[in-house]
Amino acid sequence: MATKREKQNGALKKKIALLLALVCLLTMPGVFSVPLTAHAEQQLNGHSLIAENSRYALYMNEEYLSIIVQDKATGKYMESAVSYDDGKNNELWLGQMRSGLLLQLIYGTNDTMQADLINDDVTKTVTYTDNGFAADVYWNQYKLGMRLEVELTENGVIARVPDESIREDDDTYYIGTIAIYPYMGACYKDDKEGYMLIPDGNGALIYLNDKEGRFKTGYSSMIYGSDAGFIDNTVTTLFWDEYKMVNSANNVLAPIFGMAYTDDEIAYLAVVENGAERATIEALPNGANIDYNRIYARFIERKLYKQPTSNNTTVGSFDTVESDRSHSDLQIRYLFLSGGEANYSGMAAAYRNYLMENGSLVKKEDTYRTRVDFLGSDRESWVIGTNAVVMTTVEDIQDIYSDLKEAGVTDLFSVYKGWQKGGIYNLPVTSYKADGKIGGTKKLTKLIKDAEEEGISFYLYEDALRINPDENNATFNVIKQVNKRKYVEETYKDVYEEFNYLTPARSDELFTKFVNNAAKEGVTALAVSGVSDSLFTYNYSGTNYTRFNCADSYDQMFGSLDGSAEFVLEAPFAYLWKYTDAFLDMPLYTSSYIYEDESVPFLSMVLKGVIPMYSEYVNFEANKQEFFLKMVETGTYPSFYLTKESSADLIYTNSNDVYSSEYSVYRDTIVEYTTQLKELNDKVAGAFIAGHEIRGNGITVVTYDNGVTVYINYSTSQQTADGYTLEGMSYKVVE
Amino acid sequence: MKRVSKKLLLSLAAVLLAAGMAVIPAYDTAADSPYRTYTVDGYGYVTETQTAYLPYAIITKVGEEALSGPTDFMLTDDGLIYILDSGNARVVVSDRGGNLVRTFGEGTLVSPRGLYVTEDGTCYVADRDARSIFLFDQEGELIRSYGKPDHPLYGSTQDFLPLKIVVNEAGTMYIICESNTNGIVQISPVENGTFLGYFGTNATNPSLWNIVWRAIQTDAQRAKSQANIPATPDNMAIDEKGLIYTVTRGEEERTLKRLNIAGTDMIAGAADAYEDTPAAVAVGNHDNVFVASSQGYIYEYTNEGELLFVFGGSDDGQQRIGLSTKLEAIQVDEEDRIYVLDSDNAWIQIYEPTEFTGLLHQALYLFSKGRYTESKEPLTEVLKMNNLFDYANMAMGRALIQEEDYENAIVYAKLAKDYEGYSDAFWEIRNNWLKRNLVTVILILLGAFLLYKVIKLLDKKKGILKPVRAVLSRIGNVRLIRQLRYMFYFMRHPLDGCYGIKRQERVSVASANLMVAIIILFTIINKYFCGFLLKTVREGVYDLVSDIGLVVIALLLVTGCNYLICTINDGEGKLKHIYCSFVYSLSPYIVITPVIFVLSHVVTNNEVFFVEFARLFMVVWIAVLVFISIREINNYTIKETVKIICLTAFTILIALLLAFIIYVLWSQVFDFIRSIFGEVVYKLGN
């Protein structure tokens, strides 16, 4: 739906173009004497055609290095430099909006200095390749340079800045951040119908409608979570100066973002292929500074940090810049979609195909199971040292299994937490030794064997990242922040007040030792947390390491152990998906940003049918029925955190946030959920989600590629959809 | 036309579909809260709990009318929202869906700050700069206005700057005025507004320090002193019974008050969790009270001032749903939804209760009506969802006491730290036990007594206990044991006892040290393992280092300082003697503490008196022994002894002060060295 203004604008542009062409004809007859290249013939909004294939055409402007990608079938396109100017933007903003590369420079202690291709003195050398171009760019004033390579592929475009091409020839200006095509697909207010997809939680949409200036800022979140190596600059207000009242936002689990024009039926899903470990996703709705909707990835090269010189961080500290920039190629792949695929369902399918084709995602055995996790033991303070609080012994688990079996529940998946000697927070676990209080190693091994025979997936839980300085020597092999201060994670609990992080090398060493030790007893199924959802910059014995090093270490660790054990990972980042047999703690919601218009189960749509996904614990959900419907919608399997004893026993332990977990309380819920969700998931076993639609009256419709359709009614009143009647807060499966 | 957020628009569409429905159904596709919900446990410690309220919708515009700096609003039973659009000096009336009904007050209002709507639809507006209360009828026509009360008691120099207003059924207005510290102004509608007096005046808190300070101040200084001026309430609410709820900044644990007609605060105990910057208060449907903090926190209390939940928070620029910037007013609708007015963002945010909160409200209501047995069902559900929810545990305990299930009741009472409930249940359990076992106990006692007599008789005749006695006397004659036993003598005969220490070497430093060890042991046992009712520390928390340190340091300080003072005041005592005599003076502690310990396990609140008496007795005894020791060891007169005690106390004070100063100085030096080190390391590292 083109607006009136746009049409006028378009008409005006045509006239100007005609006029220009006329002027050219009249004044420069020499033009005709120059042989035209094949590419230069076609123009689009000041861009020349430089490459094309069967589906897409790539246009480029040499001055801005901006590009336009056009769907040849429909003629619709997305541009990286917004052609419509509302006249309200100054030079700096226009430079940002049009330039193919946008840098933030660090000059002294100022890290907000903009450098672009338009406002600055830049030397460009463009060479054309078969499928695109490569441009060497040099900012003469700042003595900085890099090479931008753009390539048209069968299903989109790849934009890349190779690491070795980045030059900082002077010590005055450093590159803070680099954004490649920051305005790819950007559009003015409600000129286009559609949305931006942001990887918040499971996935969220920001509509391309007029926001009426309601939002001052937009989404800005680091891919793969925040960096523990830096002191957080944002001041969090603590309730009563002590309690964290606002939850941290969800981690970005996958390095993706998307833009869809549903009216033009053109969309892209961008995958940050290289450099994602140290990049942020930025999505700004119109009204945040300027009236354009834009979404992009920003690569961080260097950061300022506070170097304290005394214990009192507020007084004795100075700002300084990292001594070296991070080293990685920066590469974004835009997967373009058109027609009926130009929506978030299409994006999810495209991402799934992409991951499976390059081996980042492997199809795993996926049958319905209910996840029942157990807490073995934790510690509470006693007069001298600590005292064990035993919650679920090995025998208790056997009893619970046989009780569930009697009730007809046999499809179970279990993670046993706090099985190790010294309880759940005696970290790290270095050998296969169960706590005597829960039954001892022999009984545990027997339980694992028995469970295996019963067809129950049984995993031992291990946090491979944290070390408990109260129980183990944490003087060496723990990470320091970039300011060379030991990193301390505060728990705000009574028994163990803080934890440290092991260096990735040490994690690898200890974890490998543990895996080998357990393998000797035939125990090979492990649930791993900590390393699965953390990445950090760190300093160890005088050397600085980046998040890239950290990710490489973890990748190698799992890579080398692949085959000697089976792993399930807790909320794993995308680069580890290939190693996990199941996705634990899949987020079902978003972080509730006010500018998010809709929450969509994007990650679930990518992973459903590929690897089994288990929800976060049902125990702690206040609205259980709604949470249940969310699981129906996303194809996620339910998770329970169980103990034999009443959770009131945990009141003086570090696990005192487990305020409800007693098995007898949850037994009926487990049976009920299993019956309903097993029936549903058996019908869609192995199938992918093909479509997802949110209708106005509280109805959500999920279609699977095997023809099964699931209707979910989130409203409290009865609704009808496609002729089916749904009671309030219920769902219906149609084959 | 985007008046309301997406969710509400959807809801509205559904309302139109389901014609005639009064309730806006919650269609929710993104219902996770960005904030945490906390409650407090029996020790006043904050613990996390289930999400109690979820963000539901936001009203950003009423029709096409944008709000500007709204300061107050009110929900009425006919489904309307009266919003005081202060920036535009008018009242905007909206329905619950954000549709404009009408606006009024333009031209009349100057700088309105507070609003109240009565059941008949009369709207009272408190206008600060117009120095008036304006009354509008249902159609928004101005009916009348009230100005400054013309009454000698009001004070002729007192300005009339109304900020907030509530009105009771009789039409009596309660008005909070700026810079009027006398209290809430009460005006009756009769005879064009009769000033009835001041109401609910906050009291000043004269601390001991203030009293001392005031005594030495001049009159002029005293008049200026802030501490003399009672705080004006910041906001108020009125319930169906006409009780007035006020919130006042800076009143600490008395922030929230529930005032009856006489102006007496009916919240008996102090609230266990209070807000420093309360902005508004509202009364709920289940004998609950809501307080909004201007920082965005929302508190729910029982009408006894016990905290149920606190949630929400301030938005630090993240722009997440459910967080606020500056709250000004709070209201609760008949569905228990909470509406809060954010004046900075000029919107009304609506929260809806979760299943958990719904159950809790049900229990709360039944419990407050005394229907304990009925309340057990929702309470059980609540406890299933949160085993550690303090209020539910307390209520469950009380309900079980009503049902005479004391064994279970005591478990809940202990979890909830409900001392009263625990005491009641324990009394009953003890009583039952006594009833059942009284005969057995008497028989056992009788049997023991007879056995004792028989053995004694046999011993007399045949000396069967001779070997036992021999062993005992051999043990008793071990030097250290003999020295220890001396404490029993010392306790009863302090004069002779001191002589024994000073001249006869009846004790040694080793035996005194052993006694200190015993004292420390008893202190620790009594502190951490005494009966629940008498326990002064939080369960599950142990801090042995400071327990031991405290005893040792106190003893060393007293001995050392006393020795220093005695040596320069012609005291005869040697350090060893002073130390030993002090330690032996503590003998009653060793003897009586076990008794207190045993008692603490069997007494209820009714008999706590015994324990307190035993403690007092012990303290007095020790004091007497110490006094006599100082006198005897140093050979002082009574007058000299008193002087020495005072000097010793003073010396201890000086010593502590010195230690503090040295600590502060050294920590500065230490930090300085660290800074240099830190910089050197940093520079070398680069």
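Worth a mention:
- Filter on A:88/A:124; A:211/B:257; A:363/A:678; A:211/A:683; A:437/A:630 - keep pairs with C-alpha separation over 31 Å: A:211/B:257; A:211/A:683; A:437/A:630
- Each Lys and Arg adds +1 at its Cβ and each Asp and Glu adds -1 at its Cβ; summed about the Cα centre, the protein assembly as shown shows a dipole of about 6680 debye.
- Less than 5 angstrom separates the built amide H of residue A:597 from those of A:205, A:206, A:207, all sequence-distant by 5 or more or on a different chain.
- Most to least packed among B:516-529, A:393-406 [average Cβ atoms within 10 Å]: A:393-406, B:516-529
- Sparse-neighbour loop sites [GluC sites (Glu not before Pro); the range B:67-170; at most 10 other C-beta within 10 Å; DSSP]: B:119, B:139, B:141
- Options B:392, B:445, B:358, ranked by Cα towards positive dipole end of the range B:354-464, top entry (Cβ charges): B:445
- Residue B:473/residue B:420 FRET efficiency (R0 56 Å; Cβ-Cβ; nearest 0.05): 0.65
- Kirkwood Rh and Cα Rg combined as Rg over Rh, evaluated for the protein assembly as shown: 1.02
- Unsatisfied cross-links (Cα-Cα over 20 Å) in the set A:405/A:732; A:493/B:384; A:244/A:644; A:405/A:644: A:405/A:732; A:493/B:384; A:244/A:644
- Beta bridges from DSSP with both residues in the protein assembly as shown: antiparallel share about 90 percent, rounded to the nearest 5.
- In a DSSP loop and with at most 12 other Cβ atoms within 10 Å, the GluC sites (Glu not before Pro) in the range B:282-340 are B:334.
- Whole-Hz ³J(HN,Hα) from phi, Karplus 6.51 cos²θ - 1.76 cosθ + 1.60, for the range A:386-397, glycine and proline x: 10, 10, 6, 10, 8, 9, 9, 8, 4, 5, 4, 4
- Förster radius 45 Å - calculated FRET efficiency between residue B:64 and residue B:188, Cβ distance, rounded to 0.05: 0.65
- For a label point 7 Å along the Cα-to-beta-carbon line of residue A:624, residues of the range A:664-707 with backbone N under 18 Å: A:664-678
- Dividing the mean sequence gap of close Cα pairs (under 8 Å, 6+ apart) by how many residues chain A holds gives a relative contact order of 11 percent.
- Here the residues A:109, B:651, ranked from fewest to most Cβ neighbours within 10 Å of their Cβ, fall in the order A:109, B:651.
- Exposure proxy ranking, count of Cβ atoms within 10 Å, fewest first, for B:123, B:646, B:561: B:646, B:561, B:123
- Straight-line cross-link partners of residue B:462 among the lysines, defined as a Cα under 18 Å from its Cα and at least 8 positions apart when in the same chain: B:453.
- Spacing of the two label points (7 Å from each Cα toward its C-beta) at residue B:371 and residue B:645, in nm: 6.2
- Per-residue mean of foreign Cβ neighbours for B:384-397 is 3 (Cβ atoms of other chains, 10 Å radius).
- Per residue, the convex hull spanned by the Cα atoms of chain B measures out at 279 cubic angstrom.
- Calculated diffusion of the range B:354-464, Stokes-Einstein form, Kirkwood radius summed over Cα pairs, 37 °C and 0.692 mPa s, µm²/s: 198
- Largest-first principal axis extents of the Cα set of the range A:91-357 (Å): 61, 51, 39
- The length gained on full extension between residue B:480 and residue B:141, counted as 0.36 nm times the residue separation minus their Cα-Cα distance, comes to 112.5 nm.
- Classification of the range A:640-679 by its C-alpha gyration tensor yields a prolate form. The axis ratio a/c (a ≥ b ≥ c) is 1.5 or more, and a/b outweighs b/c.
- The range B:74-108 residues near the modelled residue B:120 label - backbone nitrogen below 17 Å, point 7 Å along Cα→Cβ: B:77-78
- Taking only the Cα atoms of the range B:484-641, the ratio Rg/Rh comes out at 1.01, with Rh defined as the Kirkwood radius.
- Relative contact order, percent, the range A:64-183 [alpha-carbon distance under 8 Å, six or more residues apart]: 25
- Here the contact order of chain B, divided by its residue count and restricted to Cα pairs under 8 Å and six or more residues apart, works out to 8 percent.
- Derived scalar couplings ³J(HN,Hα) [the range B:152-157; Karplus, 6.51 cos²θ - 1.76 cosθ + 1.60; whole Hz; x for Gly, Pro]: x, 5, 5, x, 6, 8
- Calculated over the range A:370-734, the projected area of the Cα convex hull averaged across directions stands at 19.6 nm².
- Estimated inter-spin distance, residue A:93 and residue B:514, nm [label 7 Å along Cα→Cβ]: 8.8
- Burial ordering of B:261, A:438, fewest other beta-carbon atoms within 10 Å first: B:261, A:438
- Peptide-level mean, for A:715-723, of C-beta atoms on other protein chains within 10 Å: 3
- Per-residue ³J(HN,Hα) for the range B:652-657, Karplus 6.51 cos²θ - 1.76 cosθ + 1.60, θ = phi - 60°, Hz, x for Gly and Pro: 4, 4, 5, 4, 5, 4
- Checking every one of the GluC sites (Glu not before Pro) in the range A:100-190 against DSSP loop status and a limit of 14 other Cβ atoms within 10 Å picks out A:154.
- Peptides B:631-641, A:709-719, A:176-186 ordered by packing proxy, namely the average of other Cβ atoms within 10 Å per residue, highest first: A:176-186, A:709-719, B:631-641.
- q = 0.05 Å⁻¹, chain A: log10 I(q)/I(0) [Debye, one scatterer per Cα]: -0.28
- Taking amide H as placed 1.01 Å from N in the peptide plane, the amide H of residue A:391 sits under 5 Å from that of A:377, A:378, each at least 5 places away or on another chain.
- Per-residue shielding of B:123-134, expressed as the average number of other chain Cβ atoms within 10 Å of the residue Cβ, stands at 0.
- Relative protection proxy for A:514-524, A:277-287, from highest mean packing down: A:277-287, A:514-524 (other beta-carbon atoms within 10 angstrom).
Read the figures in this text as sums done on the coordinates, not as results from a lab. These figures come from a predicted structure and were not determined experimentally. When we count neighbours, we look across all protein chains shown, and the Cβ atoms used for this are built from the backbone with ideal geometry, even at glycine.
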